[in-house]
Amino acid sequence: MTRYIRLVLNHPILTLAGCLLITIVLSAGIAKLRFDTSIATFLPKSDASYQYYDRVKDIYGDVDTFVILSVSHENLWRHETFERINRLLVDLEAFQGFDQKLEARRMEKLDAVLDKGAISGDALFAKFSNDPPFRRLIRRKLSSLGWEGGRVDARLAGKLKKEVSLATELKSREMIDEIISPFTISDISGKNNMLEEVKLIKTDGSGSRILPETREDFNAFISRLKRNPIFEKGIYATDGQGRITDLGFIIRFPDISDSDPIAREILEIVESHDGLDIIAQGEPIVYIWMNNYMQRDLSHLVPLVMLVAVIIFFINFRSLRGIMLPFLTLGMSTLWILGLMGYLGVHITTVGVSIPVLMIAVGSSYGIHILNQYYADFDMISREGKKIGLQRSMSHIAITVLLTGLTTFVAFMTLATHQLSAIRDWGIFCALGIIFAVAISATIIPAGLALMPHKRGGSTKKPGSASKFSAIDRAIGLMARLSIAHYGKVLAVVLLLIAVSFFGLSRLRVETELLQYFKKTDPIRTTASVIGDKFGGRWGFMVLIDSGEVNGVKSPAFLKTIEAFRGWLAAEANSDLCIGRTDAFSDFIKTMHMAMYNDDPAYFKVPENKWDIMDYLEIYSGEDADSDGRVDRFEPYVDPFFQTCNVIARLDQKNGQLIGSAGLKHIFSRVSAHLDETLPEAYEYRITGHPKMLIKSVDYIVGGQLQSLFLTFGVIAVVVLLLLRNFRAALLSLIPMSVAVMINFGIMGWFGIQLDIATSIIAAITIGIGVDDTIHFLNTFRCYRKWGEDVDTAIAKTLQVAGKAIIFTSMALICGFTVLELSPFKPLVLFGLLMAITMVATTLGALVVLPAAIKLTRVRLSDQTCPKAAYGRRLPIPENRKAAARFGGIWVSLVALIRQQIKEGTNEK
Amino acid sequence: MRNKFFLIFILIFFLAHSASAMTGREIMEKSDNLPEGDTAASKVLMLIHKGGRVLEKAFIMQMKQFENDEDKALISFIRPTKIKLLTHSHKGRDDDQWLRLSSGRVKRIASSSKGKPFVNSHFYYEDLTSVNIDDYEFELLGEKEAVGEPCYKVKGVKTVGEKVYDKVIFYPRKSDYFVNRIDFYKDGEFHKFLENHHVKKIDGILTPHKAVMARADGKGKTELILKGIKYNIEIDDVKFRKEALR
């Protein structure tokens, strides 16, 4: 480190130019950065239950998660309205079937039109007058680019081409598997002894839909809709008096884990059809809304957080360099890590959006500590000359920063083994970001200082002058008194706090319901309620009931069991199950049976005779596109061997109550108990689906949280032990973070803040940042002890030097996180609030509790090395470091290097 | 001037004829005029290849020609169920089809359903009706080998009645005009094809002993294997009446 600092100080311009160059190169990667709020990032892919879910999806498709559109209009039963709805459907269907030649022609024509130069919007649309769907796509994309009419200039044209090209690429992936709607569905009718597959909306020879025109047409359409009971709450909704008010469009995807881009496209299409009253709902839509909120708030709030950091820098240092150098540190750290993520193709997930805020936090922290050291050593630098003085001062603090960075890195890296990829990626890139922040702060601040004149900052008066920050000094004095003179009382209060927090912890609820992140009045919550009322819910789960034998599904007894189960699910007495609707294979058999009896509703039931069911399956006319032995329409409901039936149950929030993971556990437990009790012995069942995975994710969040906490504490203790060679010191180092984490969970428990995906990362951040304060304190304290100070004086002086930096760092973090309270989005508000509180806790932990514990335990650190003079000659690579490196033990190697440097520096002194 | 490739995949009777510079229509007329029996009966094994499995079904097929150029055919399943399909082929209009279930209930199949798979095989109801060459426009596209034999390549587009396919390509053998293969095009794409194998003369009538309808994408096929086919045997007319299905 000493050599590195010397190198930086000898070539400051080159160093800064190098940093600038890396920043420019990496910043370009930010353009490649993509947000990914898809469900997949929170699925435990290596878990056995997830793998079962995956197998189920292979057999039955992604049927439990979908987008549902409720389409209405004040004049629904008019030809013009149906034309509008048809246009909406055509726009959606563009992502279901891909016509390569047609799309190539369209792109070619668009390129030709736009390459001629600026063009008015009307002229552009006129060029595609014979291709209305593509014209609508162009208009839609222009609107998304902020176009409000007028000319399309070259710049906008370039963007438009890119957007249309992306949409075409999306079309080519055929990301919509199926659209079930009154406009697309067929029914089986057996009226007048004629067995016929009837399309509710017929098509002409070219495949275009023939929409109703006259009142009679509409009456016939309504009668076709109402003929089959399975359509109600499926593809239409009524007002309770039997009048159809809404038409439902269920959009299914071939792979829900990659639903993000198509869900965005669907929302864009919905918004472009503003002549219709459309409600879009479903898990993919909720994720998009959440992501939009987070992106919007972060784009507004991150600059504000930076501004707050700048203000704190100014208050602390009162100089331009005091603002610029730490600001450059946090700015570059953020740009580097985001750029690297962009280059590596790592997407920003719902958790990952906190990375910029975290980088600002740690970037400021390292910047403040290093710059604070400069001002602390100002007189020494003046005395020994700028070059040598800077080298000594920067080497000392750089090693401390490296130590803190190392432990923070380890803290985040413990998440690299997490089951959920969103949290795993977050941990890895936070860890890398820490390394960047350490490297940048230990580089550009010394280089910047080397270039600037040696000048005392506004906050660092000459010895003897009155401090401008007497409040801070008074606070430090109070902390010193508390930890030295009243350490017993301090620790007693801490124990009390831990006890209170422990009771809070017992009240902590683990819960994940995405909708709870939104305010009750937020459209995403109100529309979820509406969709529940109209269509029985926006998501669901699957119950696989195995008959125990091939073709067992064709047995009347089995199908009657399925029907009885569905009846139980929907029963009024079981409203706590929140089931809004069920779908199952038996619906087809019931429909066929009714058709065979001239559409008599009395025969909408499972036939008594097995031969009837076998016959119906023989004659049920339908395509089998994938040639797996099942008619395509059966695929969501039965396996190719007709052995297992898939009952899809839609979840509906009853009485406005959200269904979180705890609610889901209750539902699944009740369903399991019922099936255990009622299913015949030969039958077996399993419950799966996205809600089930949500519970599993929550389990992993909790399990991962505990694992991560223990692992992090363990690793940090080992690192500190290796550095200080003192077991008790290692244990002491855990106290501030443990207390802070405990208080965090206690507050969450007492105030009803649920432990979920968003709040689960707080503990990791707390430890990551909290360990910095602890190491800064211990390292400085160790030096004072080494230089002969007694414990009390060493604590007091440590608080004066390191304490001040820690306080300002924490002020920057606390104020920064408090800015998030301005967000209208609940997760960010909670995140900011809890982070601010835990930062207060870690600061007090490091500056009051830790010295009090030192005082109590009288831990000896004085025989350890101190890096005060860790500069000078070239260092040999120690044997143990070589060996460690050979075995890939990079961290042991790093620790060995640091220890060696410390030792060498001391020896030299 | 009408003929019917009654159950085209099984029994298509064509007269051998030398050809020179013929049109597509003329070639198909020669195929149309191949000898055929007044009645035919056979047991048929249906092997449906889907999803790596083979589903086996079996039925008895009986057919008879009636006055006014009408054919009637009855397919009676032996397994897995006992359903029956009765087809009355008509000249100049859509054919009639009725289904009889095991329970005895009879339903007429709507013409709009003829583009749907028959008993989940790769045959459509449409494929089970006879082909009237007057309902088609033909165009000779050239010559091409099919099922290992030199054939004509004739495009046919249906111009009368419910149209299931955009077009079909017939491959009559150059040697005797027996249609060896048919390609079916649907929704603008090559959809599936039928090939006749093991073509032998029985009672002077060219008869394929195996017909295979396969998807163009190779994802599945249905084989029909004829066992014990007999021509010109006595079959009571009553068997082909709708009322007799009950």
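The values are calculated or read from the model by the stated rules, or taken from the named source; none is laboratory data. Just so we're clear, the structure is a prediction, and the values are computed from it rather than from any experiment. Every residue, glycine among them, receives a Cβ derived from its backbone with ideal geometry; neighbour counts consider all protein chains shown.
Okay, residues lined up against (1) modelled with pLDDT of 95 or more; (2) under 30 Å from A:Val530 (Cβ atoms); (3) assigned to a helix (DSSP H, G or I):
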residue	(1), (2), (3)
A:Leu9	no, no, yes
A:Cys19	no, no, yes
A:Pro44	no, no, no
A:Gln51	no, no, yes
A:Glu83	yes, yes, yes
A:Phe95	no, yes, no
Those residues of segment A:192-216 which are touching a strand residue (DSSP E or B) at 6+ places or on another chain (Cβ under 9 Å) and over 17 Å from A:Thr81 (Cβ atoms), in sequence order:
A:Asn192, A:Asn193, A:Met194, A:Leu195, A:Glu196, A:Glu197, A:Val198, A:Lys199, A:Lys202, A:Thr203
Inside segment A:650-667, can you point out the residues that are surrounded by 15 or more Cβ atoms within 10 Å (Cβ to Cβ) and not in a helix (DSSP H, G or I)?
A:Arg650, A:Leu651, A:Asp652, A:Gln653, A:Leu658, A:Ile659, A:Gly660
Applying the selection to segment A:200-236, what residues are under 22 Å from A:Lys605 (Cα atoms) and not in a loop (DSSP other than H, G, I, E, B)?
A:Ser223, A:Arg224, A:Leu225, A:Lys226, A:Arg227, A:Pro229, A:Ile230, A:Phe231, A:Glu232, A:Tyr236
If we ask which residues in segment A:591-602 are within 12 Å of chain B (Cβ to nearest Cβ) and not in a loop (DSSP other than H, G, I, E, B), their number turns out to be 4
Among A:Ile337, A:Ile370, A:Ile397, which is part of a helix (DSSP H, G or I) and without any contact (Cβ under 8 Å) to a residue 60 or more places away in the chain?
A:Ile397
May I ask you to list the residues in segment A:577-590 that are in a helix (DSSP H, G or I) and either of a type in the set (D, E, K, R) or in contact with a Phe, Trp or Tyr (Cβ under 7 Å, 6 or more places away or on another chain) (or both)?
A:Asp587, A:Phe588, A:Ile589, A:Lys590
Which of the residues spanning segment B:122-170 are part of a strand (DSSP E or B) and among the hydroxyl-bearing types (Ser, Thr, Tyr)?
B:Tyr124, B:Tyr136, B:Tyr152
Of the residues in segment A:273-324, how many are modelled with pLDDT under 85 and not in a helix (DSSP H, G or I)?
2
Search result, residues across segment A:183-196 that are buried (at least 18 other Cβ atoms within 10 Å of the Cβ), within 8 Å of chain B (Cβ to nearest Cβ) and either farther than 22 Å from A:Ile589 by Cβ or touching a residue at least 40 places away in the same chain (Cβ under 8 Å) (or both):
A:Gly190, A:Leu195
Under the condition of being surrounded by fewer than 21 Cβ atoms within 10 Å (Cβ to Cβ) and among the charged types (D, E, K, R), which residue from segment A:620-634 is nearest to the other protein chains (Cβ to nearest Cβ)?
A:Asp628
Of all residues in segment B:83-97, how many are modelled with pLDDT of 90 or more and touching a Ser or Thr at 6+ places or on another chain (Cβ under 8 Å)?
2
Considering only residues of segment B:84-105 that are facing another protein chain (nearest Cβ under 7 Å) and in contact (Cβ under 8 Å) with a residue 12 or more places away in the chain, which is nearest to A:Tyr616 (Cα to Cα)?
B:Leu101
Any idea which of A:Thr582, A:Thr644 is closer than 17 Å to A:Tyr683 by Cα, among the hydroxyl-bearing types (Ser, Thr, Tyr) and outside the structural domain of A:Asn228 (by TED's automatic domain parsing)?
A:Thr644
Working carefully through the options A:Val401, A:Val346, find the one that is surrounded by fewer than 24 Cβ atoms within 10 Å (Cβ to Cβ), of a type in the set (A, V, I, L, M) and touching a helix residue (DSSP H, G or I) at 6+ places or on another chain (Cβ under 7 Å).
A:Val346
Test: B:Lys144 is touching a Cys at 6+ places or on another chain (Cβ under 7 Å) and away from chain A (no Cβ under 13 Å)
yes
Looking for something within 13 Å of chain A (Cβ to nearest Cβ) and surrounded by fewer than 19 Cβ atoms within 10 Å (Cβ to Cβ) - is there at least one such residue anywhere in segment B:112-124?
yes
How do the pairs read when you match residues in segment A:785-796 that are not assigned by TED's automatic domain parsing to the domain that holds A:Arg481 and at pLDDT 85 or above with residues anywhere that are crowded, with 21+ Cβ neighbours inside 10 Å and not in a helix (DSSP H, G or I), using Cβ under 9 Å and keeping only pairs 6 or more apart or on different chains?
none
Tell me yes or no: at least one residue of segment A:603-614 is more than 10 Å from every other protein chain (Cβ to nearest Cβ), of a type in the set (Ser, Thr, Tyr) and within 35 Å of the chain's Cα centre (by Cα).
no
Conditions (1) in contact with a strand residue (DSSP E or B) (Cβ under 9 Å, 6 or more places away or on another chain); (2) assigned to a helix (DSSP H, G or I): number failed by A:Arg670:
(1)
